[in-house]
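The structure appears right after this line, and notes come after that.
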Amino acid sequence: MKRDNRELDLVKEKIAALKGMAVNMSINRGRKKIDTVSATVKDVYPSVFTVKIENARQPLQTFSYFDILCGNVKIQ
């Protein structure tokens, strides 16, 4: 359990360091659909973070830190 908390804290720190920066993201949307997008990390909150995705219908999207731990969201 403590190991998981350390991993989660590490993910939060890395995302916080990316705030305001442009990143490339791979998002697993399910059913073998993976979107690769260019985005900017907009805000960082205790449980989630928001990104502004370029050229999207819904430009502001929210993800949890667990999405990164599970591999559903990858940031390069």
>> Taking the Cα centre as origin and putting +1 on Lys and Arg beta-carbons and -1 on Asp and Glu beta-carbons, what dipole magnitude results for segment 1-66, to the nearest 20 debye?
In response: 240
>> Within 11 Å, Cβ to Cβ, of Asn28, how many net charges do the neighbouring residues add up to if Lys/Arg are +1 and Asp/Glu are -1?
In response: +3
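Report the local net charge at Pro59: Lys and Arg +1, Asp and Glu -1, summed over other residues whose C-beta lies under 13 Å from its C-beta. Please list the in-between numbers first.
Values: positive: Lys42, Lys52, Arg57; negative: Glu54.
Net charge around Pro59: +2.
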>> Just want to confirm a number: the relative contact order over the chain, from Cα pairs under 8 angstrom separated by 6+ residues, in percent.
In response: 28
>> For the chain, what does the helix formula give at 222 nm: sum of -39500 (n - 2.57) over DSSP H segments with n ≥ 4, over the residue count, nearest 500 deg cm²/dmol?
In response: -9000 deg cm²/dmol
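For the chain, report the % of Cα-Cα distances exceeding 21 Å.
Details: 629 of 2850 pairs.
Summing the P(r) of the chain above 21 Å gives 22 percent of all pairs.
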> Rounded to a whole number, what % of the accessible area of the chain do carbon and sulfur atoms account for, probe 1.4 Å?
Replying inline: 51
> Between Thr62 and Leu18, what length in nm is gained on full extension when 0.36 nm per residue of separation is reduced by their alpha carbon distance?
Replying inline: 14.3 nm
> Ordered by packing density, taken as the mean number of other Cβ atoms within 10 Å over each peptide's residues, highest first, how do 65-74, 11-20 rank?
Replying inline: 65-74, 11-20
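What whole-number value in Å² describes the accessible area per residue of the chain for a 1.4 Å probe?
74
The values are calculated or read from the model by the stated rules, or taken from the named source; none is laboratory data. Keep in mind it's a predicted model, so treat the numbers as computed, not measured. Methodologically, a virtual Cβ is constructed for each residue, glycine included, from the backbone with ideal geometry; neighbour enumeration extends over all protein chains shown. Calculation scope for accessible area: heavy atoms of the full protein, side chains included, ligands and nucleic acids excluded. Shrake-Rupley method; radii C 1.70, N 1.55, O 1.52, S 1.80 Å.
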